[in-house]
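Worksheet: one structure, shown below.
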Amino acid sequence: MINNGKYPSLSSKQTLNHITLPNRIVFPPLNVNYANTDGTVSDKLMKFYTDLADGGCGLIITGAAAVSYDSIASDRGMRIDHDGCVPGLKRLFSGISRRGSIPGIQLIHCGRQAANSATGYDLLAPSAIPCPVMSRLDPAYGVREMTPDDIRMVRSDFIDAALRAADSGAGVVEMHAAHGYLLNEFLSPYSNHRSDGYGGDAYNRARLVTEIIEGIRDDISRIAISVRVSGDEFVDGGLTPPDFEEIIPLFEDAGMDMLNVSAGVYESFHHDRLERCRISA
């Protein structure tokens, strides 16, 4: 438990929108691959997160939950793309809440970093640029540039997923716009070469994320909204910290309450054992 005398700031409360965190300890989103094979909450996943709540964690962000049926990265990842996921999420979030923690959930579309062998669909991306890592791992790999209809569908999928999360008892929803996944792909000039309203300058590249934030905020006033970004992608032509001087205010104006800063994309990680991880078609 937290020693209030020794760590007064750590144990102090923090308010995000209408949500009050009991302390400043946050367990960030982590894809632990403990879900059932249909993406619903398993007993193992339930125990993992409720144990964290028993330890006194103020905010627990479960992750990463797929918002679209064509963006499944593994057979044990969480899903929130249909109403059948809701009963398990209610049980999970209730278990976290009963222990005094605030439950949250990270929403993800894997974009070009999903696996065709897992989804059975062509992968979606802002531009038809293959992921250098996933294209080597998956012999069935194929990616296509998103149409305006695709963009509208993905935007709706994120907003619908946030509504399911709120209805299930989540206090925080986080957009995963880091690590080279779809929303990060739109943000970055490294992966976004579009010439329409969703490409080009930082304002346009951030448009999809800001539209999702605005859509969630219009429908759910009580929930806190977080965005996770890669502050530096560590690739030539990718996002670096100065880029966010323009991007972050756009998120704030749209209704973001919290920023979660990470780093890197698949290409900038070490891949010494890449060939051992090759996906079977």
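The values are calculated or read from the model by the stated rules, or taken from the named source; none is laboratory data. A quick note: this is a predicted structure, and the numbers were derived from the prediction, not measured. Please note: Cβ atoms are built from the backbone with ideal geometry, for glycine as well, and neighbour counts cover all protein chains shown.
In segment 58-109, what count of residues is obtained for those that are under 15 Å from residue 32 (Cα atoms), among the polar types (S, T, N, Q) and more than 13 Å from the chain's Cα centre (by Cα)?
Qualifying residue count for the region: 1.
Any residue at all in segment 48-55 that is part of a loop (DSSP other than H, G, I, E, B), in contact with a Ser or Thr (Cβ under 7 Å, 6 or more places away or on another chain) and farther than 15 Å from residue 172 by Cβ?
Looking through segment 48-55, none of the residues is part of a loop (DSSP other than H, G, I, E, B), in contact with a Ser or Thr (Cβ under 7 Å, 6 or more places away or on another chain) and farther than 15 Å from residue 172 by Cβ.
Any residue that is in contact (Cβ under 8 Å) with a residue 24 or more places away in the chain, β-branched (Val, Ile, Thr) and either closer than 20 Å to residue 260 by Cβ or crowded, with 21+ Cβ neighbours inside 10 Å (or both) - is there at least one of those in segment 42-58?
No, that holds for no residue.
Being farther than 17 Å from residue 182 by Cα, out of contact with any helix residue (DSSP H, G or I) (no Cβ under 7 Å at 6 or more places or on another chain) and crowded, with 16+ Cβ neighbours inside 10 Å is the filter here, so list the residues in segment 248-270 that pass it.
Those that are farther than 17 Å from residue 182 by Cα, out of contact with any helix residue (DSSP H, G or I) (no Cβ under 7 Å at 6 or more places or on another chain) and crowded, with 16+ Cβ neighbours inside 10 Å: 248, 257, 258.
Specify the residue that is farthest from residue 226 (Cα to Cα); the eligible residues are those in segment 166-181 that are in contact (Cβ under 8 Å) with a residue 60 or more places away in the chain and touching a Leu at 6+ places or on another chain (Cβ under 7 Å).
Selected residue: 168.
Looking at segment 85-114, I want the residues that are without any contact (Cβ under 8 Å) to a residue 60 or more places away in the chain and farther than 15 Å from residue 43 by Cβ and have a partner that is buried (at least 24 other Cβ atoms within 10 Å of the Cβ) and among the aromatic types (Phe, Trp, Tyr) with Cβ atoms under 9 Å, at least 6 apart or on another chain. Which pairs are those?
From residues that are without any contact (Cβ under 8 Å) to a residue 60 or more places away in the chain and farther than 15 Å from residue 43 by Cβ, the pairs are 114/181.
Based on what the data block shows, is residue 172 under 24 Å from residue 269 (Cβ atoms), buried (at least 24 other Cβ atoms within 10 Å of the Cβ) and β-branched (Val, Ile, Thr)?
No: the conditions fail for residue 172.
With over 17 Å from the mean Cα position of the chain (by Cα) and free of Cβ contacts under 8 Å to residues at least 24 places away in the same chain as the only criterion, which of 135, 117 stands out?
135
Mind listing whichever residues of segment 85-136 are at pLDDT 95 or above, part of a helix (DSSP H, G or I) and not charged (D, E, K, R)?
85, 86, 87, 88, 89, 92, 93, 94, 95, 96, 97, 111
Restricting to segment 198-231, what's the tally of residues that are within 12 Å of residue 158 (Cβ to Cβ), of a type in the set (A, V, I, L, M) and part of a helix (DSSP H, G or I)?
5
State the number of residues belonging to segment 1-42 that are touching a Leu at 6+ places or on another chain (Cβ under 9 Å), hydroxyl-bearing (Ser, Thr, Tyr) and assigned to a strand (DSSP E or B).
1
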